[in-house]
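Since the structure comes first, as structure tokens, the remarks are kept for the end.
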């Protein structure tokens, strides 16, 4: 029994898969709303096998395309707070279908095999573990999605068996449909999904709690008018090629993922307008405090009114998100969330102004150059990078996340390294960070506790 919604794919009558011993039928229906427990011919005796190729589109992409076939409004991942109204609540329809099948067919002990993105398969495993579903004998066989479907996304044939015995959330990974031996075992260890259990166990001592808070860069969703480029003469232009003249105290240097992720960082001439000092601050004061900026923003207000994210609803005009005192720290240690290699950058000021980062980046603010240099040297050390390599799914759209960054045990990294090497690395970073603090304490801390106290004012 099969279900197909789109008429040009649905073909009535007995399909070619039918044989004298096997009867196959396809119905024109909507899997998102179907009661799969009561489909005709699914109620016969014997093992139940569910196979298919569900849609590979996300709910946000479908909405942009004007598609109406979306899941009923719900919160299937039980997200809380801002995660429930921002990008974290965006998910693939295939993921919704997987969860629906697991929920609805669980009493029937099905075997489910669907083509889907690898990111969807991983989310399904996390869901099964969080809900304590009894699944076992899982496998992911990689496919060439570009060759078969013209899709540039890592994908697989993902298979799970559902039973009522002891669950097993280990997934055998195969490099192809034809491979006979798994290349790795994906699994959940200490509550975290890791791409290779054996590799993770070798670096598990670096798992812990990061002592400082990671922040995300600013979000404004109005890059056309908020992000500027400075020409050799110091003039600012927006993406409409308009020269922008506003009060300079509201304009800051801007670094994006491409600036942090490149092996050879470029000379940056990007700038960004920052309208607030903290989230929710009333921007109407700009009318009197920054009349040129207010006039510029008002002349382009349609770019702000057309922003789709719900985080701006009910907020002040021209408001931003992800801005606070930490945004204006003189030094930062930052990383791109988008690149397939962990590269941590120590950042000082540019032209005497603190550097802003966009919302695809994460950073730890510091007040002095040496703290930034030491932290960057620690995070770029071999024990730290090996840990990140062992826990990061680099085929994800955003491989690096705040949740991942919070997991590194910095004390363990400190204890594993020979201090002289990162101390020299930190010393090399210092010239590019000078000027952020007129009296930098240019001395490698004597021990880990001193370093944490200096950066955060507390004992780890």
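Distance between the modelled labels on residue 49 and residue 456, one decimal in nanometres: 5.3 nm (7 Å Cα→Cβ projection). Here the label points at residue 249 and residue 421, each 7 Å from Cα along the C-beta direction, are separated by 4.7 nm in the simple model.
Mind running the shape call on segment 309-407? Use the C-alpha gyration tensor, a ≥ b ≥ c as the square roots of the eigenvalues: rounded below 1.5 for a/c, prolate if a/b tops b/c, oblate otherwise. Don't skip to the end; give the middle numbers.
Working: a/c = 2.63, a/b = 1.23, b/c = 2.13.
Oblate shape, in that a/c is at least 1.5 and b/c is the bigger or equal ratio.
Inter-label distance, residue 288 to residue 240: 2.8 nm, where each label sits 7 Å from its Cα along the C-beta direction.
Exposure proxy for 233, 192, 220, 164: other Cβ atoms within 10 Å of each Cβ, ordered fewest to most, give 233, 164, 192, 220. Computed extension gain for residue 34 through residue 113, at 0.36 nm per residue and net of the alpha carbon distance, reaches 26.6 nm. Extension gain, residue 310 to residue 146, is 55.7 nm, computed as 0.36 nm per intervening residue step minus the present C-alpha separation.
Taking the Cβ-Cβ separation of residue 192 and residue 298 as r and a Förster radius of 51 Å, what is the calculated FRET efficiency to the nearest 0.05? Using R0 = 51 Å, I get an efficiency of 0.60.
One chain, two ends: residue 185 and residue 126. Fully extended at 0.36 nm per residue, the span grows by 19.7 nm beyond their Cα-Cα distance.
Put the Cα centre of segment 88-128 next to the Cα centre of segment 145-218 and the gap is 15 Å.
Values in this text are rule-based calculations from the coordinates and carry no lab data. Nothing here was measured: the structure is a model prediction, and the numbers come from that model. Every residue, glycine among them, receives a Cβ derived from its backbone with ideal geometry; neighbour counts consider all protein chains shown.
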